[in-house]
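Novice: Structure incoming, see below.
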DNA sequence: GCCTCGATTGACT
DNA sequence: GTCAATCGAGGCA
């Protein structure tokens with residue numbers, strides 16, 4: 001039945017679908033926690049590379065000691081105070097890049113850390129960790145501040161309704177209080193980074 | 001201007 | 001299981 005569907009048509013279909021399903025800036029202009037949960041199951045796209053988001057963490061500003069924005073805007077963290085729908089990429093531990101998406105409305109700090117992906121293209125990408133996925137996807141400091149609605153780095157929507165598990169955040173020296181259940185991941189997904 | 005620490009990883013005992 | 005690598009941003013004197 002689909003054997004007469006030409007490559008061109010497939011290409012067109014894929015292209016339309018990618019265009020139609022790119023998440024709009026509005027998606028990010030909401031509560032950080034909500035965005036973190038809803039990003040699960042969505043597809044992170046960077047050029048040809050694609051992966052399903054399976055684990056995220058939410059970071060606020062004021063009142064969140066674990067956030068870079070805790071003490072107010074700095075040259076690095078000011079992007080978190082900026083418009084939503086942008087990438088916040090930062091360098092840590094001397095060798096590691098972290099990918100975040102800026103949330104909340106302009107002026108209010110918030111970001112969602114992408115902790116793990118299930119690779120789609122290439123399938124053997126090692127993306128089960130926040131620093132590993134940036135390396136696998138070729139994401140680095142030059143992507144800091146990238147607009148997710150117009151650049152080659154973006155997030156595609158998905159119909160998937162994953163089973164979401166809520167947990168405490170990982171790896172923080174501060175702000176990991178047990179009441180802060182700001183980590184979300186897809187239940188039973190083997191790519192979740194949790195140790 | 002100096003000093004400490006980090007939203008991690010990978011290697012090693 | 002434990003621990004070192006590695007460098008820029010941020011805090012403080």
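Novice: Output the residues belonging to the stretch A:140-156 that are more than 12 Å from the chain's Cα centre (by Cα) and part of a loop (DSSP other than H, G, I, E, B).
Specialist: A:140, A:144, A:145, A:146, A:149, A:150, A:151, A:152
Novice: Out of everything in the stretch A:74-88 that is surrounded by fewer than 20 Cβ atoms within 10 Å (Cβ to Cβ) and under 23 Å from residue A:27 (Cβ atoms), what residue ends up being farthest from DNA strand C (Cβ to nearest atom)?
Specialist: A:83
Novice: Taking the residues in the stretch A:94-105 that are in a loop (DSSP other than H, G, I, E, B) and in contact with a helix residue (DSSP H, G or I) (Cβ under 8 Å, 6 or more places away or on another chain) as candidates, determine which candidate is farthest from residue A:153 (Cα to Cα).
Specialist: This residue is A:95.
Novice: Moving on. Return the residues of the stretch A:69-90 that are assigned to a loop (DSSP other than H, G, I, E, B) and either under 20 Å from residue A:167 (Cα atoms) or out of contact with any helix residue (DSSP H, G or I) (no Cβ under 7 Å at 6 or more places or on another chain) (or both); say none if nothing qualifies.
Specialist: A:70, A:71, A:72, A:74, A:75, A:76, A:77, A:82, A:83
Novice: Within the stretch A:112-122, is there a residue that is touching a residue at least 12 places away in the same chain (Cβ under 8 Å), within 12 Å of DNA strand B (Cβ to nearest atom) and in a helix (DSSP H, G or I)?
Specialist: Within the stretch A:112-122 (the criterion being touching a residue at least 12 places away in the same chain (Cβ under 8 Å), within 12 Å of DNA strand B (Cβ to nearest atom) and in a helix (DSSP H, G or I)), the answer is no, since none of the residues qualifies.
Novice: Quickly run through the stretch A:100-117 and pick out the residues that are under 12 Å from the mean Cα position of the chain (by Cα) and more than 16 Å from DNA strand C (Cβ to nearest atom).
Specialist: Scanning the stretch A:100-117 gives A:101, A:103, A:112, A:114, A:115, A:116, A:117.
Novice: Related question: For the stretch A:52-62, does any single residue satisfy the condition of being assigned to a loop (DSSP other than H, G, I, E, B) and closer than 11 Å to residue A:111 by Cα?
Specialist: The answer is yes, given that some residue of the stretch A:52-62 is assigned to a loop (DSSP other than H, G, I, E, B) and closer than 11 Å to residue A:111 by Cα.
Novice: I've got another one for you. Give me the residue from the stretch A:159-174 that is surrounded by 13 or more Cβ atoms within 10 Å (Cβ to Cβ) and either part of a strand (DSSP E or B) or modelled with pLDDT of 95 or more (or both) and, out of that set, nearest to DNA strand C (Cβ to nearest atom).
Specialist: This residue is A:167.
Novice: Take residue A:137 and decide whether it is in contact (Cβ under 8 Å) with a residue 40 or more places away in the chain, under 18 Å from residue A:24 (Cβ atoms) and more than 16 Å from DNA strand C (Cβ to nearest atom).
Specialist: When the stated conditions are applied, residue A:137 does not pass them.
Novice: To continue, here is another question. Would you tally the residues in the stretch A:100-111 being more than 8 Å from DNA strand B (Cβ to nearest atom) and within 21 Å of residue A:168 (Cβ to Cβ)?
Specialist: Matching residues across the stretch A:100-111 total 4.
Novice: Separate question: Does residue A:61 satisfy being more than 8 Å from DNA strand B (Cβ to nearest atom) and either under 25 Å from residue A:29 (Cβ atoms) or over 12 Å from the mean Cα position of the chain (by Cα) (or both)?
Specialist: In short, yes.
The values are calculated or read from the model by the stated rules, or taken from the named source; none is laboratory data. The structure displayed is predicted, hence computed values, not measured ones. Here the Cβ is made from the backbone with ideal geometry for all residues, glycine too, and neighbour counts use every protein chain on show.
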